[in-house]
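> Take a look at this one; I'll ask things after.
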Amino acid sequence: MTERSDVSDWWRTQIIDMEPGRIHLRGRPVQDLIGTTGFAPMIWLMVMGEEITGPRAALFEAALVAAVDHGPQAPSIAAARMAATCGVGLQSAMATGLNMLGDVHGGAGEQAVALYHAVGQAGDGGLAVALDGWRTRHGKYLPGFGHRFHKPVDPRAPRLLALVDEAAAAGAVTGAHARTARAIEAHLAQERGKPVPMNIDGATAVIYAELGCPPPLARGFFGLSRSVGILAHAWEQTEQGGRNKGPTPPAYRWTYDGD
């Protein structure tokens with residue numbers, strides 16, 4: 001091993017090859033990608049290392065579009081807007097919002113993909129056992145189902161599932177995970193005696209599972225998607241102005257539980 005290879009091998013990547021006057025991304029000259037490849041297919045190429053086209057590309061883009069924003073009450077959006085009033089730059093405000101995405105806010109898509117895999121592996125007739133096992137390990141909430149605001153239907157979910165059905169009919173995906181998600185939704189409605197809507201996390205998780213994404217990438221792609229809304233809100237708040245805005249108007253106070 002030469003001294004030069006010892007240094008260059010410190011980082012190893014199949015993503016980019018570059019020298020003066022030449023940039024190849026996943027083996028493709030960047031100038032050939034510019035103007036010919038959409039942003040969503042470019043994301044897929046960079047992350048997955050392969051091209052995505054046709055109905056599969058349309059599904060991926062639909063999932064990214066569907067999760068861009070959920071209003072100023074979403075913690076990630078609220079944090080970005082508050083940060084924008086504190087004198088930080090736009091990218092710092094965005095980073096503040098993105099850093100709010102965790103296991104509870106933003107992580108349900110990853111968990112839902114894992115849930116679909118667990119139920120699918122249980123086979124026919126194993127749905128109830130698989131869900132009981134999931135609850136034993138992870139708690140009573142099933143990721144991807146139920147919404148505190150959108151009742152009885154999250155308007156994004158039926159449209160996304162319809163697109164999955166179209167792609168399955170075209171042979172682009174199997175549709176197996178969509179069937180699993182619908183079976184869970186029906187089981188929950190019967191169990192609780194009322195509709196338990198599939199939410200945006202559950203619906204986008206169907207798409208990511210159908211496309212063969214490992215569960216952690218469902219969270220990563222959600223972060224990419226939500227960053228659009230975070231940017232939009234951070235910029236809007238920057239234009240609106242305001243100084244040191246907290247989560248509530250100044251006239252409201254918190255509850256003091258001390259002596």
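> Percent relative contact order of segment 108-217, based on C-alpha pairs within less than 8 angstrom and at least six residues apart?
43 percent
> What whole-number distance in Å separates the alpha-carbon centres of segment 224-247 and segment 165-190?
After rounding, the separation between the Cα centres reads 36 Å.
> Among the aspartates and glutamates, which fall within straight-line cross-link reach of Lys140, defined as a Cα-Cα distance under 19 Å, with same-chain neighbours fewer than 8 residues apart omitted?
Within the straight-line cut-off, Lys140 pairs with Asp103, Glu110, Asp132, Glu185, Glu191, Asp201.
> Counting only C-alpha contacts under 8 Å and six or more residues apart, can you give the relative contact order of the chain as a whole percent?
About 27 percent, as a whole number.
> So if each residue of separation counts as 0.36 nm, and I subtract the Cα-Cα distance between Asp69 and Gln91, what length gain in nm does that give?
Value of the extension gain: 6.2 nm.
> Find the relative contact order for segment 1-46 and round it to a whole percent, using C-alpha pairs within less than 8 Å whose residues are 6+ positions apart.
Relative CO of segment 1-46 lands at 24 percent.
> Would you kindly state how much longer the chain becomes between Asp124 and Trp235 on full extension, computed as 0.36 nm times their sequence separation minus their alpha carbon distance, in nm to one decimal?
35.0 nm
> To continue, here is another question. Label-point separation (nm) for Tyr252 and Asp165, each offset 7 Å from Cα along Cα-to-Cβ?
About 4.0 nm, to one decimal.
> Shifting gears a bit: Identify the residues of segment 109-150 with backbone N under 13 Å of a label point that sits 7 angstrom from the Cα of Thr174 along the Cα-to-Cβ direction, or state none.
116-124
> Are there trypsin sites (Lys or Arg not before Pro) in segment 102-169 that DSSP marks as loop and that have at most 13 other Cβ atoms within 10 Å, and which are they?
In loop regions of segment 102-169 (DSSP not H, G, I, E or B), the sparsely surrounded trypsin sites (Lys or Arg not before Pro) are Lys140, Arg148.
> Where Rh is the Kirkwood radius over the Cα pairs of segment 108-217, the temperature 20 °C and the viscosity 1.002 mPa s, what D in µm²/s does Stokes-Einstein return?
Rounded, D is 155 µm²/s.
> Of Pro197, Ala170, His117, which is farthest on the positive side of the dipole of segment 108-217, counting Cα position, with +1 on Lys and Arg Cβ, -1 on Asp and Glu Cβ, and the Cα centre as origin?
The listed residue farthest towards the positive side: Pro197.
> Let me ask something additional. Computed from these coordinates, which is volume of the Cα convex hull per residue in Å³: (i) 140; (ii) 127; (iii) 241?
(iii)
No value in this document is a laboratory result; all are computed from the given coordinates. Small disclaimer: the values here were computed from a predicted structure and weren't measured. Virtual Cβ from ideal backbone geometry, glycine too; neighbours counted across all protein chains shown.
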